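Notes to accompany the following structure.
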Amino acid sequence: MRHPYLAIFGVMALLCFLTMLAVTFIWMYLPTRIIYQESSPVRNEVFSIEVRQHGQAYFVTEKQKYVLDLIRGYTGIIWFSCFGYLFIFTALGGFAGLRLLSGPKAGTAE
């Protein structure tokens, strides 16, 4: 194997892509489930934190609010960091460089 670093960068690109898919799924699924299925329409001792969604108030627990804040705060950071890596990987010819891993082609001198 002449260029092992290209394989490492390729695996990192694959992991970035899978991370982007997972983060997108979490961003689309978890807040909807928490707000519309697990929240309370009225404030009580357990459900004491108000969250507004489409002009309507829902009340969630502290733990649910923490999860919602994590999703809101880190989804963009993780997603665009992975996107940036994939953009740079592609722009610098990473996919073309992966062809070098297969070795010399038949009929070519090395």
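Return the total of residues in the range 1-20 being at pLDDT 90 or above and either hydroxyl-bearing (Ser, Thr, Tyr) or more than 21 Å from LEU68 (Cβ to Cβ) (or both).
Initially, the range 1-20 is screened for residues at pLDDT 90 or above, giving 11-20.
From the residues that got through so far, the ones that are either hydroxyl-bearing (Ser, Thr, Tyr) or more than 21 Å from LEU68 (Cβ to Cβ) (or both) too are 11-19.
Count: 9.
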Q | the range 36-68, residues that are in a helix (DSSP H, G or I) and in contact with a helix residue (DSSP H, G or I) (Cβ under 8 Å, 6 or more places away or on another chain) | A | GLN64, VAL67, LEU68
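Take the range 50-79 and flag every residue that is of a type in the set (A, V, I, L, M, F, W, C), farther than 30 Å from ALA13 by Cα and surrounded by fewer than 16 Cβ atoms within 10 Å (Cβ to Cβ).
Matches in the range 50-79: ALA57 only.
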Q. Taking the range 2-33, which residues are closer than 19 Å to PHE87 by Cβ and among the β-branched types (Val, Ile, Thr)?
A. ILE8, VAL11, THR19, VAL23, THR24
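Is it true that some residue in the range 89-104 is among the aromatic types (Phe, Trp, Tyr), modelled with pLDDT of 80 or more and surrounded by 12 or more Cβ atoms within 10 Å (Cβ to Cβ)?
Filtering the range 89-104 down to residues among the aromatic types (Phe, Trp, Tyr) leaves 89, 95.
From what's left, modelled with pLDDT of 80 or more: 89.
Restricting the remaining residues to those that are surrounded by 12 or more Cβ atoms within 10 Å (Cβ to Cβ) gives 89.
Among the residues of the range 89-104, at least one is among the aromatic types (Phe, Trp, Tyr), modelled with pLDDT of 80 or more and surrounded by 12 or more Cβ atoms within 10 Å (Cβ to Cβ), which makes the answer yes.
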Q) Could you give every pair whose Cβ atoms fall below 6 Å, whose first residue belongs to the range 76-90 and is at negative phi and assigned to a helix (DSSP H, G or I), and whose second residue is of a type outside the set (A, V, I, L, M) and surrounded by 12 or more Cβ atoms within 10 Å (Cβ to Cβ), counting only separations of at least 6 or pairs across chains? A) CYS82/CYS16; CYS82/THR19; TYR85/CYS16; LEU86/CYS16
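The values are calculated or read from the model by the stated rules, or taken from the named source; none is laboratory data. Note that this is a predicted model, so its numbers are computed, not measured. Every residue, glycine as well, gets a Cβ built from its backbone with ideal geometry; the counts of neighbours run over all protein chains shown.
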